[in-house]
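Working notes, beginning with the structure itself.
The values are calculated or read from the model by the stated rules, or taken from the named source; none is laboratory data. Values in this document were obtained by computation on a predicted structure and should not be read as measured data. Every residue, glycine as well, gets a Cβ built from its backbone with ideal geometry; the counts of neighbours run over all protein chains shown. Protein only, heavy atoms only, side chains kept; ligands, DNA and RNA dropped before computing areas. Shrake-Rupley method; radii C 1.70, N 1.55, O 1.52, S 1.80 Å.
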2 protein chains.
Amino acid sequence: MEANRVYNFNPGPATLPLSVLKEAQAEFLNFGDSGMSILEISHRAKPYAAVHAQAKADIKELMGLGDDYEVLFCQGGASQQFAMIPLNFASKDHPGSYVLSGSFASKAYKEAELLGVGEIAASSKDRDFKHIPIQEELKINPNAAYVHLCYNNTIYGTEYHYIPETNGVPLFADMSSDMLSRPLDFKKFDFIYAGVQKNLGPAGVVLVVAKKELLAKSPKTLPTMFRYSTFLEKDSLYNTPPAFCIYMVGKVAAWIKAEGGLEEMAKRNKKKAAVVYDAIDNSDGFYKGHADKDSRSFMNVTFRLPSEELEAKFVKEALAQGLSGVKGHRSVGGMRASIYNAMPYEGAEKLAQFMDNFRKENA
Amino acid sequence: MEANRVYNFNPGPATLPLSVLKEAQAEFLNFGDSGMSILEISHRAKPYAAVHAQAKADIKELMGLGDDYEVLFCQGGASQQFAMIPLNFASKDHPGSYVLSGSFASKAYKEAELLGVGEIAASSKDRDFKHIPIQEELKINPNAAYVHLCYNNTIYGTEYHYIPETNGVPLFADMSSDMLSRPLDFKKFDFIYAGVQKNLGPAGVVLVVAKKELLAKSPKTLPTMFRYSTFLEKDSLYNTPPAFCIYMVGKVAAWIKAEGGLEEMAKRNKKKAAVVYDAIDNSDGFYKGHADKDSRSFMNVTFRLPSEELEAKFVKEALAQGLSGVKGHRSVGGMRASIYNAMPYEGAEKLAQFMDNFRKENA
């Protein structure tokens, strides 16, 4: 750990690999001997084109996807995707079908509902989003345009540990908070998207990884920038893309590859999650996890303390020890430790030790 | 000039102030002693909130605007604004009325037309967009929702040198390529927007500076992220904003203030433009400017050479002398020298000298 650097447990924007940040810093004034910063270089210039293409190729390689899939770089966050998806694919006859497993899953549904093309396939709201709906809970409408999941629920700290069977209905997933954190059979998904500011880069770009034949289907009546077909046809260069964000995502994807790919990320993420969940499970009930054990996220660990006073004290004392951003979302309360790919094991271990000590001092 | 640094005449992304780049580089790993990079910091954290608020305040101060205006940080480039503007404000009864002065002005109109709510107030297309339509050419529809201008036409190298009188119809302007380049009576505009990647920062954020009462009017039937009211009510923090881009825009706005504000920018930009236009005007017809003299842009100087062979040679030899990005847009051909705020006078002067020398060698 560098002097002055904290362990950043924020849910997003979130910690990035230090080696990647240092690399970007070193070449910040002169990218690839172009005589200009990556911030200044034309998105039509060859050095940028190479960055753009390599980022796409590395993401597809990490996901094990072939030429039938395309990587798009969009803007407006996952929140804009919540609207673009039903606009592009759903209709009254073929609605989008949503699994409500948390806050962002519900927001995605609301945008489809506003357009009159949304329905609910399942919901865990009645249990305060403590679990991921299981296969048997899903009402799959064979006429649905798609089934939409939020694969990891940042606020509630839950994550899918299975890929739903949709009987041929296209499967869509918001993976904003667990994209590229573990190997999955990504071919089972038709459309995956992720705001990159949690696991993959700075806020400002959304990855869409989807089947080309699907992306080509956008209605021509939609505004140009709201059609996925525009991004597909123009290689996400219809207008100036958020080039610096894409450049950083490319560097993070290259880092994941160099570190050993998604298998290695999953191994590390499980180990980090285990040490923090153990601190909860071995606390004699001092820490209470929000998520059901079988729905626990590897990315966001959510838990409460016996009182709000202790929670405030916990946040303050953690920060004093260089453990930053552990306060939970107001809708759940308590604590949330986000331990994305770039969080070192030492950070999770230090948090777990702090949790043990804090419990002994305050139980 | 730093060793290795070129003069970057690209139209956008474009050159940025070197001092601003150095400042960002120096604090890249530890922003404001937070122990994290500006790329990693939560958009809900105090250090970021201060950046966000200061950027807005500086932009409004530079523009001389008061509390009746708000600064929004949107995404998707000006191209997304082309759709959002008619969606939010126009209708069949109250169409958007467009002045077609170039490529982006026409693209903006096309999005309104696609939605069935666009009309043309004037066009200089029949003259190959060589001039900015004058007041007498404008057919102002008193029922229009707005009159839309593109204030500087990057591709054609033309710029407004007057503010049209619209007789009470709200005045909208895309200032992507001349935002904060000179003082204007900005209060005469109701809605100004600008992709920042030309004059103000890295690609990835669009400034909207508009009257609050207008921004509040978005139809509730629109998707959340397509309503200006969402950005107004949530201070552009409904979802994670492109924080790094906003941080850079803030730094550039602070730089403009420190250098002497818009008056000083205008003085420098006029001086730079004069030296390049003089090289055209004193070339005995070797260089032919595209724009009519009274419509010439201070930001983008467009000109042709006697043959395409000479044009290719010009680009190559300019680059060899550290003058990068002078090739024009394919729709006009020839050369385009973009001399935004951050281009030093020395760059413009070196280009003019090169132009003189090239002419003498090749006339």
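Listed by first and then second residue, the pairs with beta-carbon distance under 8 Å, at least 6 apart or on different chains, first residue in the range A:3-15 and at the interface with chain B (Cβ under 7 Å from one of its Cβ atoms), second aromatic (Phe, Trp, Tyr) and open to solvent by 20 Å² or more (accessible area, probe 1.4 Å), are A:Thr15/A:Tyr7. Scan the range A:216-231 for residues that are touching a helix residue (DSSP H, G or I) at 6+ places or on another chain (Cβ under 7 Å) and assigned to a helix (DSSP H, G or I) and report the count. Residues flagged as touching a helix residue (DSSP H, G or I) at 6+ places or on another chain (Cβ under 7 Å) and assigned to a helix (DSSP H, G or I) within the range A:216-231 amount to 6.
Screening the candidates A:Leu29, A:Leu100 for the property of being open to solvent by 10 Å² or more (accessible area, probe 1.4 Å) and under 16 Å from A:Asn153 (Cβ atoms) yields one hit, A:Leu100.
Quick grid of which residues meet (1) closer than 18 Å to A:Gly102 by Cα; (2) more than 18 Å from the chain's Cα centre (by Cα):
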residue: A:Leu323; (1), (2): no, yes
residue: A:Ser331; (1), (2): yes, yes
residue: A:Met335; (1), (2): yes, yes
residue: A:Met343; (1), (2): no, no
residue: A:Gly347; (1), (2): no, yes
residue: A:Leu351; (1), (2): no, yes
residue: A:Met355; (1), (2): no, yes
residue: A:Arg359; (1), (2): no, yes
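Remark: A:Leu21 matches the filter, which requires a residue to be more than 19 Å from the chain's Cα centre (by Cα), within 30 Å of A:Tyr156 (Cα to Cα) and within 8 Å of chain B (Cβ to nearest Cβ).
Any residue at all in the range A:246-263 that's among the hydroxyl-bearing types (Ser, Thr, Tyr), surrounded by 15 or more Cβ atoms within 10 Å (Cβ to Cβ), in contact with a Gly (Cβ under 9 Å, 6 or more places away or on another chain) and assigned by TED's automatic domain parsing to the domain that holds A:Asp58? Looking through the range A:246-263, at least one residue is among the hydroxyl-bearing types (Ser, Thr, Tyr), surrounded by 15 or more Cβ atoms within 10 Å (Cβ to Cβ), in contact with a Gly (Cβ under 9 Å, 6 or more places away or on another chain) and assigned by TED's automatic domain parsing to the domain that holds A:Asp58. Among the residues making up the range A:302-328, those that are under 27 Å from A:His131 (Cα atoms) and aliphatic (A, V, I, L, M) are A:Leu305, A:Leu310, A:Ala312, A:Val315, A:Val326.
Open to solvent by 10 Å² or more (accessible area, probe 1.4 Å), of a type in the set (Asp, Glu), part of a loop (DSSP other than H, G, I, E, B) and more than 12 Å from chain A (Cβ to nearest Cβ), is that true of B:Asp178? Give the steps one after another, and end with the answer.
Values: open to solvent by 10 Å² or more (accessible area, probe 1.4 Å): no; of a type in the set (Asp, Glu): yes; part of a loop (DSSP other than H, G, I, E, B): yes; more than 12 Å from chain A (Cβ to nearest Cβ): yes.
No; evaluated as a whole, the condition is false for this residue.
Residues in the range B:110-127 that are within 14 Å of chain A (Cβ to nearest Cβ), part of a helix (DSSP H, G or I) and surrounded by fewer than 20 Cβ atoms within 10 Å (Cβ to Cβ): B:Lys110, B:Glu113, B:Leu114. B:Val71 meets all of the listed conditions (1) at pLDDT below 95; (2) under 17 Å from B:Leu207 (Cβ atoms) but one, namely (1). For the structure I just gave you, tell me whether A:Gly64 is at pLDDT 95 or above and either at negative phi or surrounded by fewer than 21 Cβ atoms within 10 Å (Cβ to Cβ) (or both). Criteria met by A:Gly64.
Answer with yes or no whether A:Phe286 is surrounded by 14 or more Cβ atoms within 10 Å (Cβ to Cβ) and either in a helix (DSSP H, G or I) or without any contact (Cβ under 8 Å) to a residue 60 or more places away in the chain (or both).
On the way: surrounded by 14 or more Cβ atoms within 10 Å (Cβ to Cβ): yes; either in a helix (DSSP H, G or I) or without any contact (Cβ under 8 Å) to a residue 60 or more places away in the chain (or both): no.
In short, no.
Is at least one residue of the range A:71-80 more than 10 Å from every other protein chain (Cβ to nearest Cβ), outside any strand (DSSP E or B) and in contact with a Phe, Trp or Tyr (Cβ under 6 Å, 6 or more places away or on another chain)? Break it down into steps so the answer makes sense when it comes.
First, the residues of the range A:71-80 that are more than 10 Å from every other protein chain (Cβ to nearest Cβ): A:71-73.
Then drop every residue that is not outside any strand (DSSP E or B), which leaves none.
Scanning the range A:71-80 turns up no residue that is more than 10 Å from every other protein chain (Cβ to nearest Cβ), outside any strand (DSSP E or B) and in contact with a Phe, Trp or Tyr (Cβ under 6 Å, 6 or more places away or on another chain).
One residue stands out among those in the range A:205-230 that are within 11 Å of chain B (Cβ to nearest Cβ) and under 19 Å from the mean Cα position of the chain (by Cα): the one that is surrounded by the most Cβ atoms within 10 Å (Cβ to Cβ), which is A:Val205.
Of the residues making up the range B:1-23, those that are of a type in the set (Gly, Ala, Ser) and open to solvent by 10 Å² or more (accessible area, probe 1.4 Å) number 2. Of (1) open to solvent by 50 Å² or more (accessible area, probe 1.4 Å); (2) within 14 Å of chain B (Cβ to nearest Cβ); (3) in a helix (DSSP H, G or I), A:Lys271 satisfies all except one. Which? Looking at each condition in turn, A:Lys271 falls short on (2). Checked against (1) open to solvent by 20 Å² or more (accessible area, probe 1.4 Å); (2) free of Cβ contacts under 8 Å to residues at least 24 places away in the same chain; (3) within 11 Å of chain A (Cβ to nearest Cβ), B:Glu233 passes all but condition (3). Looking only at residues of the range B:347-363 that are of a type in the set (Gly, Ala, Ser) and farther than 20 Å from B:Glu2 by Cβ, we find that the one that is modelled with the lowest pLDDT is B:Ala363.
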